[in-house]
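Beneath this line is the structure, given in structure tokens, with notes to follow.
The values are calculated or read from the model by the stated rules, or taken from the named source; none is laboratory data. Note that the structure is predicted; figures quoted are calculated from it, not measured. All Cβ positions, glycine included, derive from the backbone under ideal geometry; neighbour counts span all protein chains shown. Heavy atoms of the whole protein, side chains included, go into the accessibility calculation; ligands, DNA and RNA do not. Shrake-Rupley method; radii C 1.70, N 1.55, O 1.52, S 1.80 Å.
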Amino acid sequence: MTETPFPAHGRPSADLLEELREERKGDLDWRGGRAFSLVYHVDDPELEELQHAVADMFLHENALNPFRYRTLLRMEGEVLDMARDLFGAGAGSLSSGGTESIFLAVQTARDEARARGVLRPKLVCAVTAHPAFAKACSYLDVELVALPTRDDGRADPAAFAEVVDPATTALVVASAPCYPFGVIDPVADIAGLAAERGVLCHVDACLGGYLLPFWEQIGEPVPPWDFRVEGVTSLSADVHKYGYCFKGVSTVLYRDRDLFRRQVFMYDAWPGGLYASASSAGTRPGAPIAAAWATMTHLGRDGYLRLAGRVREATRGFRAGIDGIDGLAVTSDPDLSVFEFGPDPSVEGAPDLDGVCDAMDAKGWNLDRQQGGLHVMLSPGHDAVVDEFVADLAAAVAEGRQGTGAAHVYGGVVEG
Ligand SMILES: Cc1ncc(COP(=O)(O)O)c(C=O)c1O
């Protein structure tokens with residue numbers, strides 16, 4: 001017998017909804033701008049209503065066979081067209097999230113390398129690359145080579161040059177930006193090296209993909225990072241991050257269609273019929289596809305530009321506030337709205353960051369603890385909390401608490 005045995009009798013929906021509403025009151029409140037990861041808070045009621053409405057409309061549809069549900073098919077094709085237009089890609093597919101997009105790009109590169117006779121190929125990245133690459137390597141029998149970064153937190157092309165070899169390497173990876181520090185790797189140098197050596201190059205723009213084009217357009221410095229850069233052969237960008245859709249949708253894109261075809265799985269030896277699939281899932285929920293289409297179409301370039309402006313305001317406010325607090329410093333020089341701050345190395349007796357985070361937790365903020373500091377990822381909705389955050393952070397530092405040893409955790413496992 002388990003703690004929750006399978007129910008012998010069903011319960012009325014009103015009863016269940018009441019239970020959940022009550023329980024949820026104790027959950028993390030991202031709507032108040034006091035959470036910094038996992039949810040991208042746009043604070044736009046019209047967009048949210050639209051997402052609820054289309055999710056409801058397509059809740060039960062299944063995109064396993066896209067030709068069965070014509071409206072979904074049209075929307076999926078249009079989301080991919082819009083993504084290809086934004087990044088200059090030749091072909092690609094949707095997936096359920098950044099990790100799946102990364103898996104698919106690694107599998108594609110592995111199979112391309114195997115076709116060249118490299119049987120257990122390597123993937124070369126910086127240590128700041130998202131752990132989805134380590135996971136994909138582990139699942140797909142690819143050797144991970146994670147190189148130290150330069151002092152500025154960006155991948156080091158010179159270190160890549162020492163190990164990238166077409167006889168052993170399937171893929172090199174650059175992040176735009178990396179999650180821990182929000183810095184963009186030198187994509188042009190890394191992709192140029194890959195092209196010179198005849199190796200594929202993936203840009204992980206899961207985080208920044210749907211913000212960077214607009215960040216650049218509002219006048220922020222953005223080094224070239226997408227398919228405009230020679231040598232970039234694939235790219236991942238998540239619609240469920242700065243694309244502002246709810247969870248369950250990412251894009252994985254390729255410079256050319258032939259490379260994308262390596263991602264596609266076809267099987268015709270099954271009595272149930274020909275099985276063709278571009279991603280790892282079989283059954284695919286309709287709601288994220290419909291919501292991705294509705295979100296992109298509703299916002300358009302002008303909507304994304306407006307939201308990029310709000311993210312910039314929040315970023316400027318947070319950074320200036322943190323810089324103004326004695327003993328704290330932002331790590332590296334982040335290119336975007338995602339960054340770490342920690343104890344200022346030039347200040348003697350800088351604060352204990354675990355203690356600062358404990359004090360911020362007590363004030364209802366939910367900062368993420370990294371190995372060397374605290375992490376913030378700013379959404380448009382954070383523009384409303386800048387002053388409150390900075391005042392609370394200054395007070396938390398002034399408290400001078402010592403940390404009680406809360407864990408520094410990014411992901412977790414629920415084991416049944
Ligand atoms: C840079 C980067 N790549 C990949 C991922 C993985 O995306 P997901 O959590 O959607 O699988 C993330 C998630 O934050 C990320 O920041």
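Based on what the data block shows, is residue 336 part of a loop (DSSP other than H, G, I, E, B) and hydrophobic (A, V, I, L, M, F, W, C)?
The answer is yes for residue 336.
Which one of the conditions (1) free of Cβ contacts under 8 Å to residues at least 60 places away in the same chain; (2) closer than 23 Å to residue 244 by Cα does residue 363 fail to meet, given that it meets all the rest?
(2) is the only condition that residue 363 fails.
Do you know which residues across region 113-132 are open to solvent by 60 Å² or more (accessible area, probe 1.4 Å) and closer than 25 Å to residue 332 by Cα?
127, 131
Do we have residue 276 as away from the ligand (no atom under 16 Å from the Cβ) and crowded, with 17+ Cβ neighbours inside 10 Å here?
No; evaluated as a whole, the condition is false for this residue.
Residue check: is residue 301 within 22 Å of the chain's Cα centre (by Cα), surrounded by fewer than 19 Cβ atoms within 10 Å (Cβ to Cβ), modelled with pLDDT of 95 or more and not in a strand (DSSP E or B)?
yes
List the helices (runs of 4 or more DSSP H) that sit entirely inside region 1-109 and contain at least 2 residues that are more than 30 Å from residue 384 (Cβ to Cβ).
In region 1-109, the matching helices (runs of 4 or more DSSP H) lie at 13-24, 70-87.
A quick yes/no check of all residues on (1) within 16 Å of the ligand (Cβ to nearest atom); (2) open to solvent by 30 Å² or more (accessible area, probe 1.4 Å):
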{"residue": "52", "(1), (2)": "no, yes"}
{"residue": "59", "(1), (2)": "no, yes"}
{"residue": "69", "(1), (2)": "no, yes"}
{"residue": "83", "(1), (2)": "yes, no"}
{"residue": "100", "(1), (2)": "yes, no"}
{"residue": "134", "(1), (2)": "yes, yes"}
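Tell me which residues, restricted to region 369-393, are touching a Leu at 6+ places or on another chain (Cβ under 9 Å) and open to solvent by 40 Å² or more (accessible area, probe 1.4 Å).
Scanning region 369-393 gives a single hit, 372.
Yes or no: residue 253 within 22 Å of the chain's Cα centre (by Cα), in the same structural domain as residue 107 (by TED's automatic domain parsing) and closer than 26 Å to residue 40 by Cβ?
Here the answer is yes, as residue 253 does meet what is asked.
When residues of region 331-375 are filtered for being within 26 Å of the chain's Cα centre (by Cα) and either assigned by TED's automatic domain parsing to the domain that holds residue 182 or farther than 19 Å from residue 405 by Cβ (or both), how many remain?
12
Can you go through 161, 155, 194 and tell me which one is at pLDDT 95 or above, in contact with a helix residue (DSSP H, G or I) (Cβ under 9 Å, 6 or more places away or on another chain), away from the ligand (no atom under 16 Å from the Cβ) and under 18 Å from residue 225 (Cβ atoms)?
194
What about residue 144, is it in a strand (DSSP E or B) and hydrophobic (A, V, I, L, M, F, W, C)?
Spelling it out, residue 144 is indeed in a strand (DSSP E or B) and hydrophobic (A, V, I, L, M, F, W, C).
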